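Only one structure is covered here, and it is reproduced in the block below.
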Amino acid sequence: MTLLELLDIQNSSNGKRMFLIKIGAFYRAYDNAAFAIHNLMGYKIVRKRGKDGKPLFYVGFPATQLDKVVDEINAHGGRMGQVEEGIIGFKDISYVVEEGAKIIDADSFSRHKHVDGNVSALVKTLSSLLSELTKNTNINIDIHITVGDNASKKK
């Protein structure tokens, strides 16, 4: 089954059928299923544009966390079953599209993704620039830059 076929089944069932889809070393849940998993596990929701231009929501988690996710689904009265290799179906889990849900905009993130690998170089450059600008002054500046889960601090 393709992702589009699964999303058609999921969306036409009004949230009664949802899927976890294995992609490499991760599982993803899309749209209604993403919000259900978000409500159960607190995983961040990512929003990106599908090929048709419509927003597509998903959560992802390492396959090593599958047992934990399955336990939560079962603990909340959900029922599960393997649809085919790499696709797990679940149902009877309610989901809420929270207004305050933390949604990461993948389109915006991908434009700034290059910074993540260069945080230390960026901090070093800013530090040098600020040192030059504040030379012979009593000004002390702390720089805090956070990109994703990585953080650097230079004084």
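Just the number, please: carbon plus sulfur as a percent of the accessible area of the stretch 17-58, 1.4 Å probe, no ligands or DNA/RNA counted.
Exposed carbon and sulfur together represent 52 percent of the surface.
Please compute the length gained on full extension between residue 71 and residue 5, using 0.36 nm multiplied by the number of residues separating them and subtracting their Cα-Cα distance.
Between residue 71 and residue 5, full extension yields an extra 21.1 nm.
Starting from the 7 Å offset along Cα-to-Cβ, what nm value, one decimal, do you get for the label separation of residue 22 and residue 85?
With each label placed 7 Å out from Cα toward Cβ, I get 0.9 nm.
The values are calculated or read from the model by the stated rules, or taken from the named source; none is laboratory data. Everything numeric here is computed off the predicted structure, so don't read it as measured data. Glycine also receives a Cβ, built like all others from the backbone with ideal geometry; neighbour counts cover every protein chain displayed. The protein model used for the area step is the full one, side chains on, heavy atoms only, and it has no ligands, DNA or RNA in it. Shrake-Rupley method; radii C 1.70, N 1.55, O 1.52, S 1.80 Å.
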